[in-house]
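Before any comments, here is the structure.
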Amino acid sequence: MTTSSENSRAAYYGFKITPLTPDRIKDWYEQPIRQPLNLDKKKQPRGQLYIIPDRCKECGYCWEYCPEHVLSISTNLNKKGYRYPTIADGKEDACVACSMCTEVCPDFAIFTEEIDEGGTP
Ligand code: SF4
Ligand code: SF4
C-alpha cells in the first residue's frame, strides 16, 4: 500500500509505484539469487548440552527461551530442592548450539558445545 505523499513524489519524478503485495514479497525472497551459493553444503549446527543440576534454581528461563523447545522441566529435584532442566522427549538431537540457554541462565547451570560434523560452517 502506498501513501498519498509517496504517490505524489512518484508522479513528480515520473515513475510508477507498484504496491508490495504478499505475493510479490514471496516471489522476491524465493529468487535463487537471494540464497547462499553453497546452500546445499550448509548443515544445521548441532549442540551437545551440559546441565549442572545442583546449580539450577528452577527459574525456567532456559526452557522458556530455547527457540527449538529442546528443554523441559525434570521431575527430579536437585540438592537445593529445585527441579532442573532436562531434554524434552523426542528432542534429543534438536539442539542447534545457539547458546540462548547459556546466555539467559543466571546461575551458569547450562551450556552447550557445537558438535563438529564436518561440512561448511
Ligand atoms: S543451545 Fe539453543 S537450541 Fe540448544 S538447548 Fe540451548 S537454547 Fe535450546
Ligand atoms: S536458566 Fe539456569 S537456573 Fe534457570 S531453570 Fe534453567 S538451568 Fe535452572
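Quick notes on this structure:
- Peptides 16-27, 72-83 ranked from most to least packed give 72-83, 16-27, packing being the mean of other C-beta atoms within 10 angstrom over each peptide's residues.
- Using only alpha-carbon positions in the chain, the gyration tensor eigenvalues give semi-axes of 46, 21, 11 Å once each is multiplied by 5 and square-rooted (largest first).
- Built amide H within the under 5 Å cut-off of Ser72, gap 5+: Thr86, Ile87, Ala88
- Pairs of Lys residues in the chain are counted when their Cα atoms are under 27 angstrom apart and they lie 8 or more places apart or on different chains; the count is 12.
- For the chain, adding -39500 (n - 2.57) for each run of n ≥ 4 DSSP H residues and dividing by the number of residues yields -6000 deg cm²/dmol at 222 nm.
- The phi torsions of region 90-104, fed into the Karplus equation with coefficients 6.51, -1.76 and 1.60 and a -60° offset, translate into couplings of x, 10, 4, 10, 9, 5, 9, 6, 7, 6, 4, 4, 5, 5, 8 Hz, rounded to whole numbers, with Gly and Pro shown as x.
- Rh (Kirkwood; distinct C-alpha pairs) - region 44-115, Å: 12.0
- Calculated log₁₀ intensity ratio I(q)/I(0) where the Debye formula runs over C-alpha points of region 7-54, q = 0.22, 0.24 Å⁻¹: -0.91, -0.95
Bear in mind these aren't lab numbers, they're just calculated from the coordinates by the rules spelled out. A quick note: this is a predicted structure, and the numbers were derived from the prediction, not measured. Positions of Cβ are generated from backbone atoms using ideal geometry, with glycine treated the same way; all protein chains shown enter the neighbour counts.
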